[in-house]
1. Taking R0 as 25 Å, what's the FRET efficiency between Thr237 and Ser133 from their Cβ-Cβ distance, rounded to 0.05?
2. Counting only residues 5 or more places away or on other chains, whose amide H sits under 5 Å from the amide H of Glu89 once H atoms are built in the peptide plane?
3. Between Ala76 and Asp224, what is the label-point separation in nm under the 7 Å Cα-to-beta-carbon projection?
4. Give, as a single signed number, the net charge of other residues whose beta carbon lies under 12 Å from the beta carbon of Val14, with Lys and Arg counted +1 and Asp and Glu -1.
5. Quick one: what are the phi-derived ³J(HN,Hα) couplings along the stretch 66-78, Karplus 6.51/-1.76/1.60 with θ = phi - 60°, whole Hz, x for glycine and proline?
6. In whole Hz, what ³J(HN,Hα) sequence does the stretch 207-213 give by Karplus (6.51, -1.76, 1.60; θ = phi - 60°), x for Gly and Pro?
7. If we sort 227-235, 271-279 on the protection proxy, mean other Cβ atoms within 10 Å, highest first, what's the order?
8. Convert 25 °C to kelvin, take the viscosity as 0.890 mPa s, use the Kirkwood radius over C-alpha pairs of the stretch 198-288 as Rh, and evaluate the Stokes-Einstein diffusion coefficient in µm²/s, rounded to a whole number.
Amino acid sequence: MSSPHSEAGLGVLVGHDGSAAAEHALHWAARDAAARRVPLYIVTAVPVGGLGHQHRAEVRERAHALIDTAAARIRADIPAPAVETSVREGDSAESLLAASARCDTIVVGSRGHGGFTGLLLGSVSLRVCAHSSCPVVVVHTPAAEDARGVVVGVGGPEDGPAADFAADHARRLGGGLRAVHSWALPVTGLAPSLVLPNMIDVEAVRAERIRMVDKVLGRIRTEDPELPVDTVVMNGTAGRDLVDASIDSALVVVAAHRRRGHLPMRLGPTTHAVLHHARCPVGVVPIQ
């Protein structure tokens, strides 16, 4: 039978509802946990409202059967150090966030089929990405079988945690790290094509941006000189450039900048673009 979610140690938490997207997320999470030798926690959520006592018990029993079966498959295929399961009652996103208190990574599918849990619908994944205090990996499609490299978007000097997360995965995946920084020329009037190249020193701006990215990557290069690290600085749109880079990558990582205040935390346009259109799993790293 399912064991309660462990409160000891860091590990990988994955939401599961039996859908195809959840299966992709489950296997990604299991491989990551096995590679890092940390526990794997499989969590699902069941509704608490609108059900009588008998139906509520039936739903919980089905939920336990679902993730216990998933855990058995993982134990047989991908020997992680420990696999634990948990069925929680309530809102799906809130259940995942609450269960992640002692985890260092949350893994979710892009969307599920609803079913009796409603877990991993698109809105749930976005809410988890927007509010998690630890990195979230969204697996809506597996990477190509021969993909190894990891891409990270570096928007500014504060994006070091995203670069560190990407480098850590690049080491385990056996590929290199590619840091992508995109910037746009200023425009005039109402037409985006009316750029002002003569009013700025394009090469000076490019050199400044390269120095910024190199500074973010400096510690990674110093601590692991064997890891291939490539810097790409281009004139373009960050979301589009990262989506293009995801085609032959094993993982693309973006930084989620959290604005403090009374309004709910929101994900920026670059993060949204990559989450919706990337061709490989996406890691979202919170920047406080």
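Please treat every number below as a calculation from the coordinates, not as lab data. This structure is a prediction, so every number in the text was calculated from the model and none was measured. Glycine gets a Cβ as well: all are built from the backbone with ideal geometry, and neighbour counts include every protein chain shown.
1. Numbers: r = 29 Å, r/R0 = 1.14.
The value I calculate is 0.30.
2. HN-HN under 5 Å from Glu89: Val46.
3. Rounded to a tenth, the inter-label distance reads 3.4 nm.
4. Numbers: positive: Arg31; negative: Asp17, Glu23, Asp32, Glu84.
Net local charge, Val14 excluded: -3.
5. 4, 7, 5, 5, 4, 5, 5, 5, 5, 4, 7, 9, 10
6. For the stretch 207-213, the Karplus-derived couplings read 5, 5, 5, 4, 4, 4, 5 Hz, x marking Gly and Pro.
7. Values: 227-235: 15.3, 271-279: 20.3.
Result, highest mean first: 271-279, 227-235.
8. On the way: Rh = 15.3 Å.
Answer, rounded: 161 µm²/s.
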